[in-house]
Amino acid sequence: MNKTLVKSYYMDFVQKEIRNQDLVIRQSVSNFADLIISFIIDYEDMSALKELDYSMIKDIVQSNDTENIQYTLHLLALEPYDVLNWVFYIESDDFYEPRREYLKNEELAEMLNNKNFYNPLTDEKVSKEDFSALVNTVFKVSKSFVEKSSSHDMEGNVL
């Protein structure tokens, strides 16, 4: 795997997406994307990165700039360049045997579109605010990123 080619491919996409933003946003987002992609590429087994939460990402980019971090994560999750995938889950508050329920993107979209909020662990209806507090968001490295970066460049040639 040629890490430089892989990173360049994804960074070119990020640069195109942010070209109309102001200079401060372009610099922050470009830097954050570079740091996140580098962290993933340099990780011993990138497919094992299944739960990167915001605190881990803030450590990777060494910043608390939530707005630009979120924008960067949004860009890195856009298909077909998806470096990351969003993962949503609800976890019970049982200290001894916590239970976790992962939400499928379609299920979450339906809940949001229909404004039909409920706790998947209990099936009880909840308010939008309570639902928002229940849902946890993490990121995992996308399967397509692992496949593309492991053996082929973006034109399909072996790296």
- [ ] For Glu106, work out the one condition from (1) open to solvent by 20 Å² or more (accessible area, probe 1.4 Å); (2) closer than 28 Å to Arg26 by Cα; (3) in a helix (DSSP H, G or I) it doesn't fulfil.
- [x] (2)
Open item on the list: So, in region 20-37, exactly how many residues are among the polar types (S, T, N, Q), open to solvent by 80 Å² or more (accessible area, probe 1.4 Å) and in a helix (DSSP H, G or I)?
Closed with: 1
Task: Given (1) of a type in the set (S, T, N, Q); (2) in contact (Cβ under 8 Å) with a residue 24 or more places away in the chain; (3) in contact with a Ser or Thr (Cβ under 9 Å, 6 or more places away or on another chain); (4) open to solvent by 60 Å² or more (accessible area, probe 1.4 Å), number of the condition Thr72 does not satisfy - done: (4)
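Is it fair to say Leu73 is assigned to a loop (DSSP other than H, G, I, E, B) and at pLDDT 90 or above? Let's see the steps before the verdict.
On the way: assigned to a loop (DSSP other than H, G, I, E, B): no; at pLDDT 90 or above: yes.
Taking the combined requirement at face value, the residue does not satisfy it.
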Task: Thr122, sole failed condition from (1) assigned to a loop (DSSP other than H, G, I, E, B); (2) within 29 Å of Asp22 (Cβ to Cβ) - done: (2)
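Select, from Asp59, Asp53, the only residue that is more than 13 Å from Val141 (Cα to Cα) and out of contact with any Gly (no Cβ under 9 Å at 6 or more places or on another chain).
Details: Asp53 fails: more than 13 Å from Val141 (Cα to Cα).
Matching residue, one of Asp59, Asp53: Asp59.
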Task: Selection count, region 76-103, where residues are in a loop (DSSP other than H, G, I, E, B) and surrounded by 10 or more Cβ atoms within 10 Å (Cβ to Cβ) - done: 7
Open item on the list: Just the residues that are among the basic types (Lys, Arg) and under 15 Å from Lys50 (Cα atoms), please, taken from region 82-103.
Closed with: Arg100
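Across region 1-19, what is the total count of residues that are assigned to a loop (DSSP other than H, G, I, E, B) and open to solvent by less than 70 Å² (accessible area, probe 1.4 Å)? Let's see the steps before the verdict.
Let us first name the residues in region 1-19 that are assigned to a loop (DSSP other than H, G, I, E, B), namely 1-2, 19.
Then keep just the ones that are open to solvent by less than 70 Å² (accessible area, probe 1.4 Å); that gives 2.
So the count comes out to 1.
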Task: Complete set of residues in region 46-69 that are open to solvent by 20 Å² or more (accessible area, probe 1.4 Å), farther than 14 Å from Gln27 by Cα and part of a helix (DSSP H, G or I) - done: Ser47, Ala48, Tyr54, Ser55, Met56, Lys58, Asp59, Ile60, Thr66
TODO: State which residue is modelled with the lowest pLDDT when the search covers only region 123-156 and only residues that are charged (D, E, K, R) and closer than 17 Å to Ser8 by Cβ.
DONE: Asp153
- [ ] Please indicate, with yes or no, whether at least one residue in region 121-128 is open to solvent by 90 Å² or more (accessible area, probe 1.4 Å) and closer than 18 Å to Leu84 by Cβ.
- [x] no
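If I go through region 1-28 residue by residue, how many of them are of a type in the set (A, V, I, L, M) and under 17 Å from Leu73 (Cβ atoms)?
Taking region 1-28 as the starting set, the residues that turn out to be of a type in the set (A, V, I, L, M) are 1, 5-6, 11, 14, 18, 23-25.
Then keep just the ones that are under 17 Å from Leu73 (Cβ atoms); that gives 11, 14, 18, 25.
Selection size over region 1-28: 4.
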Task: Of all residues making up region 101-116, the number that are closer than 18 Å to Val87 by Cα and more than 23 Å from the chain's Cα centre (by Cα) - done: 0
Task: Selection count where residues are basic (Lys, Arg) and within 30 Å of Phe13 (Cα to Cα), scope region 64-108 - done: 1
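The values are calculated or read from the model by the stated rules, or taken from the named source; none is laboratory data. It should be emphasised that the depicted structure is a prediction, and the values quoted were computed from it without experimental measurement. Cβ atoms come from the backbone with ideal geometry, glycine included; neighbour counts cover every protein chain shown. Side chains included, ligands, DNA and RNA excluded: accessible areas come from the protein's heavy atoms. Shrake-Rupley method; radii C 1.70, N 1.55, O 1.52, S 1.80 Å.
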